[in-house]
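Working notes for the structure below.
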Amino acid sequence: MDSLFKQLQFVRGNTISFVKNLSMDVVGYHPEGFNNNIHWNYGHILTSNEMLLFKLAGKEYKHEDKFTFFKGGTKPSGWEGEVTSIEELTLALQEQEQRILETFNDCLDQPLAHPFNLGSRLPLETVRDALTFCIYHEGLHQGSIGSLLKVANVQKG
C-alpha cells in the first residue's frame, strides 16, 4: 500500500474521532469570528474530496446532494432544508475512505481527466496530486474543528 493511503487513513481516523460523540450544541455552535461551525467543516471535507478527487479524476462521485450545504462559500446561516446529520456524514466519510483506497489503488500517477489549478502556484495534474492536496486540506479543516471545539468548550462551559 502506498504511504499516501496510510496518511489518508491516519488523517481520516483523526477527523472522525474529533467529531465522534460531540453534542449537537457543540457541532452546531457558530462563534463570532469564525466563518463556519464544526458541522460545516466536517461536511466540507466529504464534499471537497468528492469534487477534488473523484470528479477531477473522471470517476463516479457521490454525495452531490450535500454540495449545497458544504461546498466552498456556503455557510450554516444559509442552510435551508434538512442538513445531513453528523452520523450520516461519519458513515459517508468512512465509505469515501474505502472508495478512495479501492478506486485509486493502482493509478495514483495517472493524469487527472480534468486537471485543475489551485491558483497560479499549484496545478493538480495527477491522482496523486489531487489526493495529496485533499489530505492537506482535510488537515486544515481538522485545525478549524479543533479551534471551534476549544472555543465552544470555553464559551459554553
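Details
- Solvent-accessible surface of protein heavy atoms, probed at 1.4 angstrom with all chains present, puts T47, T132, T68 in the order T68, T132, T47, largest first.
- Over the chain: helical MRE at 222 nm, DSSP H runs n ≥ 4 each giving -39500 (n - 2.57), nearest 500: -18000 deg cm²/dmol
- Net charge dipole size for region 22-80 [Lys, Arg +1 and Asp, Glu -1 on Cβ; Debye, nearest 20]: 220 debye
- Segments 3-10, 146-153 sorted - mean Cβ within 10 Å per residue, highest first: 146-153, 3-10
- A simple charge model with +1 on the Cβ of Lys and Arg, -1 on the Cβ of Asp and Glu and nothing else charged puts the dipole of the chain at about 440 debye relative to its Cα centre.
- Accessible surface, per residue, of region 1-126 when the full set of protein chains is kept, probe 1.4 Å, Å²: 56 Å²
- Selection from Q155, N105, G78, by position along the positive dipole direction of region 41-157 (Cβ): Q155
- Diffusion of region 42-157 by Stokes-Einstein, at 20 °C in a medium of 1.002 mPa s and with Rh set to the Kirkwood radius over alpha-carbon pairs, works out to 140 µm²/s.
- Measuring nothing but alpha carbons in region 30-94 and taking Rh as the Kirkwood radius, the Rg to Rh ratio lands at 0.98.
- Electrostatic dipole magnitude of region 97-157 [Cβ: Lys, Arg +1; Asp, Glu -1; Cα centre; debye, to 20]: 480 debye
- Evaluated over the chain, the count of Lys pairs having alpha-carbon atoms less than 30 Å apart is 29 (only pairs 8 or more residues apart or interchain).
- Structure remark: mean-square fluctuation, Gaussian network model of the chain, C-alpha springs under 10 Å; the largest value among G28, G73, G81 belongs to G81.
- Rounded to the nearest whole Hz, the Karplus-based 3J(HN,Hα) values (6.51 cos²θ - 1.76 cosθ + 1.60, θ = phi - 60°) of region 59-64 follow the sequence 9, 5, 10, 10, 6, 4, with x at glycine and proline.
- Highest GNM mean-square fluctuation among E80, E125, E95, for the chain modelled with Cα contacts below 10 Å: E80.
The values are calculated or read from the model by the stated rules, or taken from the named source; none is laboratory data. What you are looking at is a predicted structure, and each value in this text was computed from that prediction instead of being measured. FYI the Cβ positions are ideal-geometry reconstructions off the backbone, even for glycines, and counts take in every protein chain you see. Calculation scope for accessible area: heavy atoms of the full protein, side chains included, ligands and nucleic acids excluded. Shrake-Rupley method; radii C 1.70, N 1.55, O 1.52, S 1.80 Å.
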